[in-house]
Amino acid sequence: MAKFFANERRSMIMNILHKQQRTTIKELNNHLNVSEATLRTDLTQMEKDGLIIRTHGGAMIKEKTNDQQHFPIYETVNQLEKMKICQRASQLISNGQCILLDASNIALELARILVQEKYRLTVITNGIQAAMEMKENPNITVILIGGVLRVGSSTLEGRFGIDLLKRIHVDVMFTSASGFTIENGLTDSNVYEIELKKEMVKAASQVVALLDHNKMRKISIASYALTEQIDVLITDDETPRSLLDEIAAKQIELIVV
């Protein structure tokens, strides 16, 4: 039997459902090579999360409502690459650290990995979903940055949390972006969150960028971290070699998964 984390299996199931709308447990067993009992547990939890509808012997995709469309619990674009990036990122974390997660989807994946770990952490985040995931681990102290919660969003935005960031020493910030270029650094499309993310970068002793190849050589509305402010960049092996060489030349610790 293949060994997958629960979130890996469920992301694979969602990939299959997005492609063909419905599936059976027997079909999933053939695809994933895990037990039918495990698949039933996965489908039951996914139905509770509002992602699917259970059917006799399988499941079908649940159409997103307007209220759900801004809460992508399983983002399927480059999902396997993102999980590999997050698994490698988790190895950079040490017991007793204070870390900072932004509200990106890839940071949410990292939160799902951290909740399964045993070491003690303090985690600061402006992502409501990430906070809800991590609160289930009694070894993790979760601090939610205050801010404005807009309709259809799970991200706390604005400058209300800046005072908190000035009071706490942050060992490592894990962040993603809408785009990255050598010239512009990390750029984002959410103008309401950019100012807060700038302060997050300033508050952290180390900044780790989590970027799949799809984010590379793209520019969004505004920059929140210059290339020189990035200490470690983790990406996947589909990122062009020429760009990897440019990143390495900037004295950034580069990790390719």
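Each label point is 7 Å from the Cα along the Cα-to-Cβ direction; what then is the distance between the points at residue 139 and residue 244, in nm?
Rounded to a tenth, the inter-label distance reads 3.2 nm.
Given H placed 1.01 Å from N in the peptide plane, which residues other than close sequence neighbours of residue 236 have an amide H under 5 Å from its amide H?
213, 257
Cα-based count: Lys pairs in segment 95-246 below 23 Å, eight or more positions apart or different chains?
Counting lysine pairs in segment 95-246 gives 10.
Going by Cα centres, segment 81-148 and segment 176-197 are how many Å apart?
If you average the Cα positions of each part, the centres end up 20 Å apart.
Find how much the distance from residue 253 to residue 21 grows on full extension, using 0.36 nm per residue of separation minus their present alpha carbon separation; answer in nm with one decimal.
Taking residue 253 through residue 21 to full extension adds about 79.4 nm, to one decimal.
Note the full-extension length gain between residue 94 and residue 119 as 0.36 nm times their separation in residues minus their Cα-Cα distance, in nm to one decimal.
The residue 94-residue 119 span can extend by a further 8.2 nm.
When the dipole is taken about the Cα centre of the chain, and only Lys, Arg (+1) and Asp, Glu (-1) are charged at their Cβ, what size is it in debye, to the nearest 20?
560 debye
First compute the accessible area of the chain with a 1.4 Å probe, then give the percent of it belonging to carbon and sulfur atoms.
49 percent
Among 31, 79, 205, which residue has its Cα furthest toward the positive end of the charge dipole of the chain, with +1 on Lys/Arg Cβ and -1 on Asp/Glu Cβ?
31
Ordered by residue, what ³J(HN,Hα) values in Hz, to whole numbers, does segment 33-41 give under the Karplus form 6.51 cos²θ - 1.76 cosθ + 1.60, where θ = phi - 60° and Gly and Pro are x?
Per residue, the Karplus-derived 3J(HN,Hα) values read 6, 10, 5, 5, 5, 5, 5, 5, 4 Hz.
In Å², what does the accessible area per residue of segment 191-257 work out to with a 1.4 Å probe? Please list the in-between numbers first.
Details: 3170 Å² over 67 residues.
Averaged over the residues of segment 191-257, the accessible area is 47 Å².
Once a ≥ b ≥ c are taken as the square roots of the eigenvalues of the Cα gyration tensor of segment 167-257, is the result rounded (a/c under 1.5), prolate (a/b larger than b/c) or oblate (a/b not larger than b/c)?
Because a/c hits 1.5 or more and a/b fails to exceed b/c, segment 167-257 counts as oblate.
Need the full-extension length gain, residue 5 to residue 182, defined as separation in residues times 0.36 nm minus the C-alpha distance. One decimal, nm.
60.3 nm
The values are calculated or read from the model by the stated rules, or taken from the named source; none is laboratory data. All of these numbers come straight from a predicted model, not from anything done at the bench. When we count neighbours, we look across all protein chains shown, and the Cβ atoms used for this are built from the backbone with ideal geometry, even at glycine. Accessible surface areas use protein heavy atoms only, side chains included; no ligands, DNA or RNA. Shrake-Rupley method; radii C 1.70, N 1.55, O 1.52, S 1.80 Å.
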